1. For region 500-522, give me each residue that is in a loop (DSSP other than H, G, I, E, B) and farther than 15 Å from residue 557 by Cβ.
2. Out of 466, 497, 480, I need the residue that is touching a helix residue (DSSP H, G or I) at 6+ places or on another chain (Cβ under 9 Å), more than 12 Å from residue 311 (Cβ to Cβ) and at pLDDT below 95. Which one?
3. Name the residue, out of 112, 154, that is at pLDDT 70 or above, in contact with a helix residue (DSSP H, G or I) (Cβ under 9 Å, 6 or more places away or on another chain) and closer than 30 Å to residue 197 by Cα.
4. Could you please let me know if residue 328 is out of contact with any strand residue (DSSP E or B) (no Cβ under 6 Å at 6 or more places or on another chain), in the same structural domain as residue 528 (by TED's automatic domain parsing) and in contact (Cβ under 8 Å) with a residue 12 or more places away in the chain?
5. Take residue 143 and tell me if it is modelled with pLDDT of 75 or more and part of a loop (DSSP other than H, G, I, E, B).
6. Only one residue in 480, 509, 504 is in contact with a strand residue (DSSP E or B) (Cβ under 7 Å, 6 or more places away or on another chain) and more than 20 Å from residue 435 (Cα to Cα). Which one?
């Protein structure tokens, strides 16, 4: 009797438990579980939009997109997979075991979309489409891919795209970025990624409990990224890059009045397409290359200025009244400051300011620098935009360094001596500038005394944004000072013994300054800064050759570039 009662109690308890469990699941939380059930039967097939195009100032395409095709498999019956993959491997000419390994490694659950081959050719895609009735579960998905029709052209300005890294994901997660997103690295691809990136769309379908297709639920079309128009002129960019062929360095060509950059070349360059095509061997060599081809030398590397810095010292001397056009110094080839000898590259006898610029006389600027003192030189260098980034709309621009006695004590734990002032006055010592800062400096003399803000983006999605970047700062330099320095710059070209006289044979009049910056223990760096035409300047140019020898070689590159600009009818 006792056992019977116990059995009854157990049965009653079980039924009560089941009753309340059904009540809990079906009534109290029924809606929630119904929603989860609905979600479990929905499968999403994403479709990518196209990344925004990048075009030049004339509307010519620099970077656009092309369609490629991915082969995917939706497996509802894993037993059929081998048969399907064998047929596909024959069409693609790929190893069956390789495709099978890809399927196994990416398999998550039945009805999951598994990409088994990327970037298949159009011919294969058509052949597979024709056989789809016999290849159950095979889907050909079109996918836009970056196309680099000009290969390496403007690679540092453009940048490249790759899968998002952890640092960027942490920084950009709040803006909708997620794991495995393709984003820009370097150049405008990174700076304007938010505008260039596309919005993903796709197809949602309903499947039954066995994962079989029931019906299509909806389709959201993907959205393409916004197009970006640059200030670059495609032809000028090609000419600038050709001028740097087989050399290390940078070339910048800019409008002196508003800062529009027509060309920005850095060498060595790299292939952005290698990141899209996953050329792993090339990429490994790229990141380990000691010549740093990924670095944009125009904005991300700083160098001693050499003699081009004499223009700052000349301006400071005239503006402070420490020198004037009648001031002359004797140049016997060197001077002594303390026990140290400081040399000039030649002997110039009695030389005034205009001749000192034209012939790049070190002794004249040694003397002028000592009259000014280091703090005054520093202040005028800062006024010309050195020591601060130019605010060009590209990532990873650096500031450079303009030293003074206080800076020396803080950062070098050393005192400042007259010998340091002498070095400083000809752009040596601890002074470091970028080529973009240098071209902005020469623009001051071309445009009548205004410091411009360089910019490289003209329009976003067809909307002109150039006015947002066009900022100029008047330096309030006397017109007589500007005229005097302009004469020296013109004589550097027009005078038969001028340091840039190699440019005198050009059909357009050029004014400019050469520079040779010592950088032991290797070869010196070569500089040329100039503007043209002389009387009505339309362009300023900086040519910088890293370890390229004397400024003469940079001037020869400038001549080659200007000759081609003339030939192409761009001047």
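1. Hits for region 500-522 are 507, 508, 509, 518, 519, 520, 521, 522.
2. Among 466, 497, 480, only 497 is touching a helix residue (DSSP H, G or I) at 6+ places or on another chain (Cβ under 9 Å), more than 12 Å from residue 311 (Cβ to Cβ) and at pLDDT below 95.
3. None of the other options fit; the residue is 154.
4. Here the answer is no, as residue 328 does not meet what is asked.
5. no
6. Step by step, each of 480, 509, 504 is checked, and only 509 is in contact with a strand residue (DSSP E or B) (Cβ under 7 Å, 6 or more places away or on another chain) and more than 20 Å from residue 435 (Cα to Cα).
The values are calculated or read from the model by the stated rules, or taken from the named source; none is laboratory data. Not measured: the values here are computed from a predicted model. Every residue, glycine as well, gets a Cβ built from its backbone with ideal geometry; the counts of neighbours run over all protein chains shown.
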